[in-house]
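For reference, the structure discussed in these notes is given below.
The values are calculated or read from the model by the stated rules, or taken from the named source; none is laboratory data. Owing to the predicted nature of the structure, the values given are computational and were not obtained by experimental measurement. In this analysis, Cβ positions are derived from the backbone assuming ideal geometry, glycine residues included, and neighbour counts consider all displayed protein chains.
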There are 4 protein chains.
Amino acid sequence: MASMMRAAVFVAPGRIELAEKPIPDVGPNEALVRITTTTICGTDIHILKGEYPVAKGLTVGHEPVGVIEKLGSAVRGYHEGQRVLAGAICPNFNSYAAQDGVPSQDGSYLIESGKCGCHGYKATAGWRFGNMIDGTQAEYVLVPDAQGNLAPIPDGLTDEQVLMCPDIMSTGFKGAENANIKLGDTVVVFAQGPIGLCATAGARLLGATTIIAVDGNDHRLGIAKVLGADVTLNFRNCDVVDEVMKLTGGRGADSSIEALGTQSTFESALKVLKPGGTLSSLGVYSSDLSIPLGAFAAGLGDYRINTALCPGGKERMRRLMNVLAAERLDLGVLVTHKYALDDIVAAYDLFAHQRDGVLKIAIKP
Amino acid sequence: MASMMRAAVFVAPGRIELAEKPIPDVGPNEALVRITTTTICGTDIHILKGEYPVAKGLTVGHEPVGVIEKLGSAVRGYHEGQRVLAGAICPNFNSYAAQDGVPSQDGSYLIESGKCGCHGYKATAGWRFGNMIDGTQAEYVLVPDAQGNLAPIPDGLTDEQVLMCPDIMSTGFKGAENANIKLGDTVVVFAQGPIGLCATAGARLLGATTIIAVDGNDHRLGIAKVLGADVTLNFRNCDVVDEVMKLTGGRGADSSIEALGTQSTFESALKVLKPGGTLSSLGVYSSDLSIPLGAFAAGLGDYRINTALCPGGKERMRRLMNVLAAERLDLGVLVTHKYALDDIVAAYDLFAHQRDGVLKIAIKP
Amino acid sequence: MASMMRAAVFVAPGRIELAEKPIPDVGPNEALVRITTTTICGTDIHILKGEYPVAKGLTVGHEPVGVIEKLGSAVRGYHEGQRVLAGAICPNFNSYAAQDGVPSQDGSYLIESGKCGCHGYKATAGWRFGNMIDGTQAEYVLVPDAQGNLAPIPDGLTDEQVLMCPDIMSTGFKGAENANIKLGDTVVVFAQGPIGLCATAGARLLGATTIIAVDGNDHRLGIAKVLGADVTLNFRNCDVVDEVMKLTGGRGADSSIEALGTQSTFESALKVLKPGGTLSSLGVYSSDLSIPLGAFAAGLGDYRINTALCPGGKERMRRLMNVLAAERLDLGVLVTHKYALDDIVAAYDLFAHQRDGVLKIAIKP
Amino acid sequence: MASMMRAAVFVAPGRIELAEKPIPDVGPNEALVRITTTTICGTDIHILKGEYPVAKGLTVGHEPVGVIEKLGSAVRGYHEGQRVLAGAICPNFNSYAAQDGVPSQDGSYLIESGKCGCHGYKATAGWRFGNMIDGTQAEYVLVPDAQGNLAPIPDGLTDEQVLMCPDIMSTGFKGAENANIKLGDTVVVFAQGPIGLCATAGARLLGATTIIAVDGNDHRLGIAKVLGADVTLNFRNCDVVDEVMKLTGGRGADSSIEALGTQSTFESALKVLKPGGTLSSLGVYSSDLSIPLGAFAAGLGDYRINTALCPGGKERMRRLMNVLAAERLDLGVLVTHKYALDDIVAAYDLFAHQRDGVLKIAIKP
């Protein structure tokens, strides 16, 4: 095995470039994974633009699919050469936050560096790849707390099929899970990018029977139909709140899922709800949000607002792969492009400008 | 029995006055209750000031404690002369909204008048007394859907002891229930008016072990201690968010309860939370709310925001009276003043100006 | 309108016969429904055989699909001539039991007759049609507590399509809901009669990804495949527990659904579970059950056993019809035979002897 | 530090004796704890009698309170000399079972030895101390998966105060948590040994308002009153089921907790329930259980039966210690005797024969 590898690193705002880096050593609870496929996420574009700050020289990317190259001495039940993936979020499940039910908010590994309080809760700190530690857009990645995070890939599933598990599918499905869906519910999903499409698919899998997908792009609305939407609404052509009220006989939707991160979609997601409904928010917002008084019934409407960071862990990944292996869903439709790692700068350019109908790009080291 | 009764009615902004009204007839599913004790709520002050609009001539008040004077022909299992109370919120539990788990949002009785869609959900419409129909600050009140709303008062509990059940106690406890409290939790309760005090008491009953009561009034903080707070913070003397972080070793509170209805308390209630924490909101807000981006972790903090309207119904009332009968709590401390119905204008004046350390006033027809 | 109607009544063990009865008067909270389609349930066979005692002369049947003939004076929001159905279980949702979350166990209507305690809980007493009051195998049926129980049938759904909603579909789906299914779960459904088949379909709708249907009849296992099973096991040809362990890599199933009511299926339903799994029981047992010590981990396995009676109410029915209207499921396959009410004795004979591949029979007055 | 230590080991049925053993080496994810206080559990008596088999030479005991002597190289956030305890159940929270919500059933450490399937679920296998690995009745104990299991003891709490946390308090409280208690509930707790007493206390902390403690020993019933019971019933003097029905006006209890492990208490725990009620079972049964048909409403009563193994983990322990530190409860009353480790054979003799009013014995190495 070579001692050096190629990796896409953040250089400066506007610049993510390929670089040579040493292949890291493997601690007792870690695993080195040789990446066979990874992808670029919307968050990476925020990093590229300097809107989300990371350390200069950090390898970016957080969606690892690959093969175990080397296991830490204390990791049990895996073998080198095994095909695995890991969640974008890699908590230590032995932490307080994980034992308390919020593993994605585990920052226990930051305690010694003083970046986190003694009980180890830190918002979004479960996200380490390409944020706190070197990420996956590279030939190799070091998976921390590997015992809890390495998820074997079942035979018969290709890299492309499982590529959405680490982040997009886990996030979108969590949006559906957070919507408190009951059999026969009406659910409105705002924005049909990759995460919104997975939320639409998740709502279908959980028993909603009127799934209303909203976007301004008819192509995406078409994919939404394929993945589970019963009705699609192009917000450029109708008043979404009015349409939902018509479709529900004035009752309102049981829940809504916000998958974009803007004031406008958040507000609409509240307005379409029945009193007592649930707003499940997935978007990454970029400024303070306003809750309109009327739609909020002045605080007396029995509304729920639930937010989430993508869940990780090997059990989560196992379940998501079950969904794919059982052919409940085919997310291959989301992988619209393939690039070699060597061409990742071009891939970033395509993705950042959303050219050519791109949804997700498979990156192959 | 006389055919006329005295009642406090809304005349115009600034004017609630005693008037003579006919004692109403009783429909098959209704009951006429002779009020023995009722009270004035903060909401009534909003009505008095014209900030919350009601019909001119409407009898105000929504907290009935009394005796069944006459039962509707279809109501079973009660008898005339029986001591009862009813919740401030009087849903029809046969409605869609109630069967769907949100009885307080039942507006089914408004369908025929066109004020509510065909499935009968309407925000806050479960609140009828002194809002949609004549209320309780009168000699008699007509209880709608009596089969679901009349709650017998156990022997041994006085009117004053149960006077908080219809609204304040039910609301405050719901705030605690909505906070997802687990054994050993830290809960911060913002504002220690009557509802906040009941939320503090409720958090104690549900197993929180560090209950932090916040207010600017030391007298109220003293009562909070009696009702269950472990720690009290006067926001005039400290930075509440900083103090909570110190008290929790940097972890943050598991949940917070907002019991006032202002931007400032809502915002603090979010800031004291651990990632993954729950904000249970009880306040009646008077303008759009702003969610600060940082405290909200840009939408990625696994936060929950739950709102509620006071739960009603005879089973809810039965449970609240169980709490009192079992001596888990004595809310008598909240009833600071007594007035005859004939003096209700003076009572409103005292309560509206929060003079004389008033918390709640018992009104006796 | 005539004053007399035909009805199938229980005469004596072994004899259910057609009789003439007066069409009943309608009380303020009731509705008279003209039956257009009903069916025979396994429970009716127990009644026929005298194994489940009912009053002589009682009209049997509990699955009403029809048209409103006459509404009680206090019932709102419906109109005569409207197509409706009602659940097999007809609770008064204003009761304590319903407000406490268990409407199917509401016996409040029995309080005055002394058959039920003062709080109105009585096991299975929510089941009134063909049990406590005249049932649906007749030209007309009187629906009690009509405001909570009449469910309008959407245009576009035929009687045959919705015929399973009142009992079989509601029960089977409740079995799936009680199984605590999470995305990616393995669920084993024991017995693929009409209820078990609906449980299989329900498990699919709720996100299970390995649904294992068990029966001894290959024809029924074939239907299970159509309705959602991923794997079918004929217990005559294999050891079901061993097979489930193989299919799950030794983990065991996340949950199991018992849909027959025998010691053998109950026991297997426990043995297939992972530690921490849930057994959702739907069967009507006929003798004491034994819990095997080993499969129960001596009480230390974090197991859950949940039982259920069919949920009723108009909101439940609305949701079930949503599932059908959204074409998530077609239960028409379960209706294998049609008979006129006049031929109901022959229909009972066919159904009791399970001849001719019968699953369910549509009865048409 | 010496290389040898004293430990109480299982020699043969009827014989647990002190022996010399090497102090174990510490792996990267382990910690060596010097025991300052431990105790004897009912389970240890089953081991002593040979009723529960363990390996000859195994150190018994599973309730560690002590001081960190040596930390594994990969364990973070603790320091040697720190006072800690660990749960009786020591899962690896990175396992599938733990991530799936049932850490107590984690047997992942057994996969390599072939005692557990590849997904690592094995009933009760989370219990390692004094069962699978050397236990706590010794001068030192090796804590596995220390990162998830070491719980620092707050200043101000003595060893005796926290001695019930690892097992008895965690188990009893879990019994209360599994009972689905809502504010105002009636809960019946069968058997008032140490675990039942903690279940009684837990029911109180969670908001039950009529807590009925059942036992045949008036002394224990007296302690139950101190710890939270509202009513006590000595089954030698009354028919418990009848009494509960009287106390609840015929409604039945909302839930019951079985804390002994016999057919008789299990059966009574079912019979006292309202339809729709929950039976939370804690007992360790020694033979197949029978569910009486009538009390089970033939499977149609909407009953829940929940079982549990004691929850472990540092977050659980932290919460239990919060309860004690907040003075919600004083379990010191349960520690009736103290013995030196050198006298442990005598302590076993006292405890096995339940002499001298013994509840729990503090063992001091």
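Out of curiosity, is A:Thr171 among the β-branched types (Val, Ile, Thr), more than 11 Å from the chain's Cα centre (by Cα) and within 11 Å of another protein chain (Cβ to nearest Cβ)? Spell out how you get there, then give the answer.
Numbers: among the β-branched types (Val, Ile, Thr): yes; more than 11 Å from the chain's Cα centre (by Cα): no; within 11 Å of another protein chain (Cβ to nearest Cβ): yes.
It is false that A:Thr171 is among the β-branched types (Val, Ile, Thr), more than 11 Å from the chain's Cα centre (by Cα) and within 11 Å of another protein chain (Cβ to nearest Cβ).
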Report summary line: Those residues of the stretch C:116-150 which are closer than 23 Å to D:Leu273 by Cβ, of a type outside the set (A, V, I, L, M, F, W, C) and more than 11 Å from chain D (Cβ to nearest Cβ) amount to C:Arg128, C:Asn131
Requested in this report: Any chance you could count how many residues in the stretch B:3-37 are closer than 23 Å to B:Tyr339 by Cα and assigned to a loop (DSSP other than H, G, I, E, B)?
Outcome: 3
Requested in this report: Go through B:Leu270, B:Leu260 for me and flag whichever is out of contact with any helix residue (DSSP H, G or I) (no Cβ under 9 Å at 6 or more places or on another chain) and either at pLDDT below 95 or among the hydrophobic types (A, V, I, L, M, F, W, C) (or both).
Outcome: B:Leu270
**Report entry** Contacts under 6 angstrom Cβ, first residue in the stretch A:122-133 being closer than 22 Å to A:Asp100 by Cα, partner in a loop (DSSP other than H, G, I, E, B), 6 or more apart
**Finding:** A:Lys122/A:Gly107; A:Lys122/A:Cys116; A:Ala123/B:Gly301; A:Thr124/A:Leu309; A:Thr124/B:Leu300; A:Ala125/A:Gly107; A:Gly126/A:Pro91; A:Arg128/A:Cys90
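Here is a yes/no grid of residues against (1) touching a Gly at 6+ places or on another chain (Cβ under 9 Å); (2) among the small types (Gly, Ala, Ser):
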residue	(1), (2)
C:Val187	no, no
C:Ile195	yes, no
C:Ala203	yes, yes
C:Leu206	yes, no
C:Thr209	yes, no
C:Gly216	no, yes
C:His219	yes, no
C:Val226	no, no
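Taking the residues in the stretch B:230-243 that are away from every other protein chain (no Cβ under 12 Å) and among the hydrophobic types (A, V, I, L, M, F, W, C) as candidates, determine which candidate is surrounded by the most Cβ atoms within 10 Å (Cβ to Cβ).
Taking the stretch B:230-243 as the starting set, the residues that turn out to be away from every other protein chain (no Cβ under 12 Å) are B:232-243.
Cutting the leftovers down to among the hydrophobic types (A, V, I, L, M, F, W, C) gives us B:233, B:235, B:238, B:240-241.
Values: B:Leu233: 22, B:Phe235: 17, B:Cys238: 13, B:Val240: 20, B:Val241: 19.
Among those that are away from every other protein chain (no Cβ under 12 Å) and among the hydrophobic types (A, V, I, L, M, F, W, C), it is B:Leu233.
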Requested in this report: For residues that are more than 8 Å from chain A (Cβ to nearest Cβ) and of a type in the set (D, E, K, R), scanning just the stretch B:96-115, find the one that is nearest to C:His119 (Cα to Cα).
Outcome: B:Asp106
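Conditions tested, residue by residue: (1) crowded, with 24+ Cβ neighbours inside 10 Å; (2) of a type in the set (A, V, I, L, M, F, W, C); (3) more than 18 Å from D:Asp134 (Cα to Cα); (4) outside the structural domain of D:Ser286 (by TED's automatic domain parsing).
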position	(1), (2), (3), (4)
D:Val54	no, yes, no, yes
D:Thr59	yes, no, no, yes
D:Pro64	yes, no, no, yes
D:Val67	no, yes, no, yes
D:Val75	no, yes, yes, yes
D:Gln105	yes, no, yes, yes
D:Tyr109	yes, no, no, yes
Requested in this report: Tell me which of these A:Ser73 doesn't satisfy, since it passes every other one: (1) over 18 Å from the mean Cα position of the chain (by Cα); (2) among the small types (Gly, Ala, Ser); (3) under 30 Å from B:Val272 (Cβ atoms).
Outcome: (3)
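Between B:Asp159, B:Asp145, which is surrounded by 24 or more Cβ atoms within 10 Å (Cβ to Cβ), acidic (Asp, Glu) and in contact (Cβ under 8 Å) with a residue 60 or more places away in the chain?
Numbers: B:Asp159 fails: surrounded by 24 or more Cβ atoms within 10 Å (Cβ to Cβ).
One residue alone meets the criteria, B:Asp145.
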Report task. Would you mind finding the one in A:Ile133, A:Ile195 that is of a type in the set (Val, Ile, Thr), within 16 Å of A:Gly87 (Cα to Cα) and surrounded by fewer than 24 Cβ atoms within 10 Å (Cβ to Cβ)? Result -> A:Ile133
Query - Checking C:Pro53 against (1) under 18 Å from C:Pro152 (Cβ atoms); (2) within 14 Å of chain D (Cβ to nearest Cβ), the condition it does not meet - result: (1)
Requested in this report: Pull up the stretch D:269-306, narrow it to residues that are part of a strand (DSSP E or B) and more than 7 Å from chain C (Cβ to nearest Cβ), then point me to the one that is surrounded by the fewest Cβ atoms within 10 Å (Cβ to Cβ).
Outcome: D:Thr278
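Return the only residue of D:Ala179, D:Ala208, D:Ala201 being buried (at least 24 other Cβ atoms within 10 Å of the Cβ), closer than 23 Å to B:Gly172 by Cβ and at pLDDT 95 or above.
On the way: D:Ala179 fails: closer than 23 Å to B:Gly172 by Cβ; D:Ala201 fails: closer than 23 Å to B:Gly172 by Cβ.
Criteria check complete, one pass: D:Ala208.
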Requested in this report: Check D:Ala362, D:Ala352, D:Ala326, D:Ala253 and return the single one that is on the phi < 0 side of the Ramachandran plot and surrounded by 24 or more Cβ atoms within 10 Å (Cβ to Cβ).
Outcome: D:Ala253
Query raised in the report: Which one is farthest from B:Ala146 (Cα to Cα) among residues in the stretch B:48-103 that are in contact with a strand residue (DSSP E or B) (Cβ under 6 Å, 6 or more places away or on another chain) and in a helix (DSSP H, G or I)?
Result: B:Leu48
Query raised in the report: Within the bounds of the stretch B:307-329, is there any residue that is modelled with pLDDT of 95 or more, within 24 Å of B:Asp254 (Cα to Cα) and not in a loop (DSSP other than H, G, I, E, B)?
Result: yes
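Out of the stretch A:330-357, which residues are touching a His at 6+ places or on another chain (Cβ under 8 Å) and either acidic (Asp, Glu) or modelled with pLDDT of 95 or more (or both)?
Result: A:Ala347, A:Leu350, A:Asp356.
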Report summary line: Here the qualifying pairs (Cβ atoms under 9 Å; residues six or more apart or on different chains; first in the stretch B:167-182 and closer than 20 Å to B:Gly130 by Cβ; second part of a helix (DSSP H, G or I) and polar (S, T, N, Q)) come out as B:Asp167/B:Thr43; B:Gly172/B:Thr200
Query raised in the report: Of the residues that sit in the stretch D:42-83 and are among the hydrophobic types (A, V, I, L, M, F, W, C) and in contact with a Phe, Trp or Tyr (Cβ under 7 Å, 6 or more places away or on another chain), which one is farthest from D:Val9 (Cα to Cα)?
Result: D:Leu71
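Could you check the stretch D:109-200 for helices (runs of 4 or more DSSP H) lying wholly inside it with 1 or more residues that are under 27 Å from B:Gly202 (Cα atoms)?
Details: elements: D:146-149, D:159-162, D:170-177.
The helices (runs of 4 or more DSSP H) meeting that bar are D:159-162, D:170-177.
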Query raised in the report: Exactly one of (1) β-branched (Val, Ile, Thr); (2) within 23 Å of B:Gly252 (Cβ to Cβ); (3) away from every other protein chain (no Cβ under 12 Å) is unmet by B:Ile153. Its number?
Result: (2)
Requested in this report: Output the number of residues of the stretch C:1-36 satisfying the condition of being of a type in the set (Val, Ile, Thr), crowded, with 23+ Cβ neighbours inside 10 Å and closer than 15 Å to C:Glu69 by Cβ.
Outcome: 2
